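The values are calculated or read from the model by the stated rules, or taken from the named source; none is laboratory data. The model shown is predicted, which means the values in this text are computed figures rather than measured ones. In this analysis, Cβ positions are derived from the backbone assuming ideal geometry, glycine residues included, and neighbour counts consider all displayed protein chains. We work out accessible area using only protein heavy atoms, side chains counted, and drop any ligands, DNA or RNA first. Shrake-Rupley method; radii C 1.70, N 1.55, O 1.52, S 1.80 Å.
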Amino acid sequence: MAERILTAPETTAQHALEGLRRAMVGGELRPGDRIGQEEIAERLGVSLAPVREALAVLEQEGQVTYRPRRGYFVAELDIDEVREIYQLRSLLEERAARRALPLLDEDAIRRIELAARDCIDAATSHDVAAELEANRRFHFAVLDSPDQIHTLRMIRLLWDSTETYRALYYSSPDGREESLQAHDQIILAIAARDVEHLVAELDAHRTAALGRMTGILAPQLEGSLDPQARQS
């Protein structure tokens, strides 16, 4: 039963999970915020049980933390933790890209191009949640191959742990434009079947995103040191 709750929430629990993800990505719940379970349940029209199941999944992903007698909070990362996550992503995604590129067929390339177009549409309409979803589809379509299940599972966990912070990055017009340009370069590398070019473009994309993300995080973390900056 515990394993089912942590890995495969269904029906109302899935609805609660998606609702919580939207709240975090959309900025309604920000890093460090306490999550009011009763409020979330009422807003989503579900009981407390599926909300708790959803929170258990998010805790496993590293997106929320539980504090005894205080409840669940949206996870906070410091800059060094974000850098560590991106360094791990670099190692794993290079491995995945090198193995995936020779296996990308016409269907896979169509999925990549569709996800890239969806990113453009979402950026044009300033829909951060939709752009995050399309961006994730784009990258995992590039990296996906059937012989590296465990590598992709670890990459997903790393992505999950910074999803809230990535939403802050995509809230920046410059960040959105930078990401779209990076996707164009990645698609060109795939079309050329040039794995070194592909790895270099993925590295450049991550490095630029990390730079913008740390720039966003630094003043927020400084503000969090001020005891009057947040009343929780």
Just subtract the alpha-carbon distance of Arg99 and Ile149 from 0.36 nm times their residue separation and send over the number in nm, one decimal. 16.8 nm
Burial-style ranking of 87-96, 48-57, average other-beta-carbon count within 10 Å with highest first, yields 48-57, 87-96
Fluctuation leader among Arg83, Arg69, Arg153 - the chain, Gaussian network, Cα springs under 10 angstrom: Arg69
Answer label, with Rg/Rh (Cα atoms, Kirkwood Rh) calculated from the coordinates and candidates [x] 1.16; [y] 0.98; [z] 1.01: [y]
Just the accessible area for Tyr66, please: 1.4 Å probe, Å², rounded to the nearest 10? 110 Å²
How much of the accessible area of the chain, probe 1.4 Å, is carbon plus sulfur, in whole percent? 53 percent
Run the dipole for the chain about the Cα centre, Lys and Arg Cβ at +1, Asp and Glu Cβ at -1, nothing else charged, and hand back the magnitude in debye, nearest 20. 520 debye
Taking +1 at the Cβ of each Lys and Arg and -1 at the Cβ of each Asp and Glu, which of Ala209, Ala23, Ala182 sits farthest along the dipole of the chain towards its positive end, judged by Cα position relative to the Cα centre? Ala23
Per DSSP H run of n ≥ 4, the term is -39500 (n - 2.57); total these for the chain, divide by its residue number, and report the mean residue ellipticity at 222 nm rounded to 500 deg cm²/dmol. -24000 deg cm²/dmol
Using only the alpha carbon atoms of the stretch 1-125, find the Kirkwood hydrodynamic radius as the inverse mean reciprocal pair distance, in angstroms to one decimal. 17.1 Å
Return one whole number: the accessible area per residue of the chain in Å², for a 1.4 Å probe. 52 Å²
Name the residue, out of Leu17, Leu180, Leu188, whose mean-square fluctuation peaks in a Gaussian network model built on the chain with Cα pairs under 10 Å. Leu188
Which of Ala96, Ala122, Ile112, positive extreme of dipole for the stretch 85-125 (C-beta unit charges): Ala96
Roughly how tilted is helix 48-61, in degrees to the nearest 10 and between 0 and 90, from the longest Cα axis of the chain? 50 degrees
Computed lengthening from Asp174 to Thr11, 0.36 nm per intervening residue step minus Cα-Cα distance: 54.9 nm
Say we join alpha carbon atoms closer than 10 Å with springs in a Gaussian network model of the chain; which of Ala108, Ala209, Ala116 then has the biggest fluctuation? Ala108
On the formula 1/(1 + (r/R0)^6), with r taken between the Cβ atoms of Arg34 and Leu157 and R0 of 25 Å, the FRET efficiency rounded to 0.05 is 0.55
Normalised by the number of residues in the stretch 1-155, what is the relative contact order in percent for Cα pairs under 8 Å and 6+ residues apart? 21 percent
